[in-house]
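One structure is given below, encoded as structure tokens.
The values are calculated or read from the model by the stated rules, or taken from the named source; none is laboratory data. Here the structure is a predicted model, which is why all the values come from computation and not from measurement. As a convention, Cβ positions derive from the backbone with ideal geometry for all residues, glycine included, and neighbour counts pool all protein chains shown. Keep in mind that these areas ignore ligands, DNA and RNA; they rest on the heavy atoms of the full protein, side chains included. Shrake-Rupley method; radii C 1.70, N 1.55, O 1.52, S 1.80 Å.
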Amino acid sequence: MSANSAEPTATVDVVLVKAGRTKIRYPAELLHDDGTRIAVRAPWAGDVTRDFGFVRFEQGDVFTEFYWRDRWYAVKEVRAADGTPKGWYCDITRPATLTGTELVVEDLDLDLWRSADGTDVRRLDEDEFAESGLAERDPAAAAAAAAALDALETLAREGGFEALIA
């Protein structure tokens, strides 16, 4: 394994960074690391229920999260405590880095939701992305983020989405 990977059966700390600050840190079970894609599983890390109107994240929900070292997004499968699939929450991020047991992901504000039945696909937080100033500070990163959102939306609407996490 490379210095940027970890042996399976470990616990890692997922560190979500936003605007240069740690937004959240939580432990997760490392399920798989093939050197490019990393899969982890963790319970909902929030302290309270988060109701988005189209989905609720709540205590007992389980997230199986997929991160890539070469892609500008993360895909998180969300299931209720009883195993019922709720859908997939996708964060547009810089490529993930895994150093030792710390998986660091930089959130770039754009998100995509796809319901479990595939009938609800929605882009989220485009206003936050525009206000972030990334396009002015780092135009290449902003372009990569926008392209990643477009690619995920196409997969979510037209097929191939499930292959990302197979």
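Which value, to two decimals, describes the C-alpha radius of gyration of the stretch 1-97 once divided by 2.2 N^0.38 Å? All intermediate terms of the calculation are to be shown ahead of the outcome.
Details: Rg = 13.5 Å, N = 97, 2.2 N^0.38 = 12.5 Å.
Cα-based Rg divided by the globular estimate yields 1.08.
Relative to the compact globular guide of 2.2 N^0.38 Å, what is the alpha carbon radius of gyration of the stretch 125-166, as a ratio? If you can, show how the numbers build up before the last one.
On the way: Rg = 12.7 Å, N = 42, 2.2 N^0.38 = 9.1 Å.
My calculation over the Cα atoms of the stretch 125-166 gives 1.39.
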Most to least accessible of 120, 51, 82 (protein chains only, probe 1.4 Å): 82, 51, 120
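What accessible area per residue, rounded to a whole number of Å², is obtained for the chain using a probe radius of 1.4 Å? Working shown, then result.
On the way: 8190 Å² over 166 residues.
Here the per-residue accessible area is 49 Å².
For residue 49, what charge total do you get from the other residues with a beta carbon under 14 Å from its beta carbon, if Lys and Arg give +1 and Asp and Glu give -1? Kindly include the intermediate steps, with their values, before the conclusion.
Working: positive: 50, 56, 86; negative: 47, 51, 58, 61.
Charge balance near residue 49 sits at -1.
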With each run of n ≥ 4 DSSP H residues scored as -39500 (n - 2.57), what mean residue ellipticity at 222 nm is computed for the chain after dividing by its residue count and rounding to the nearest 500 deg cm²/dmol? -5500 deg cm²/dmol
If you roll a 1.4 angstrom probe over the protein chains with everything in place, what fraction of the accessible area of the stretch 29-166 belongs to carbon and sulfur, to the nearest %? 49 percent
With every protein chain left in place, what is the accessible area of residue 161 in Å² (1.4 Å probe, nearest 10)? 0 Å²
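Determine by what factor the alpha-carbon radius of gyration of the stretch 95-166 differs from 2.2 N^0.38 Å, reporting the quotient.
Numbers: Rg = 14.0 Å, N = 72, 2.2 N^0.38 = 11.2 Å.
Dividing the Cα Rg of the stretch 95-166 by 2.2 N^0.38 Å gives 1.25.
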Total charge dipole magnitude, the chain, about the Cα centre, Cβ charges on Lys, Arg, Asp, Glu only, Debye to nearest 20: 200 debye
How big is the stretch 24-166 on each of its three principal axes, counting only the C-alpha atoms and giving the largest first in Å? 44, 37, 31
Provide the solvent-accessible area of residue 122, counting protein heavy atoms only and rolling a 1.4 Å probe, rounded to the nearest 10 Å². 90 Å²
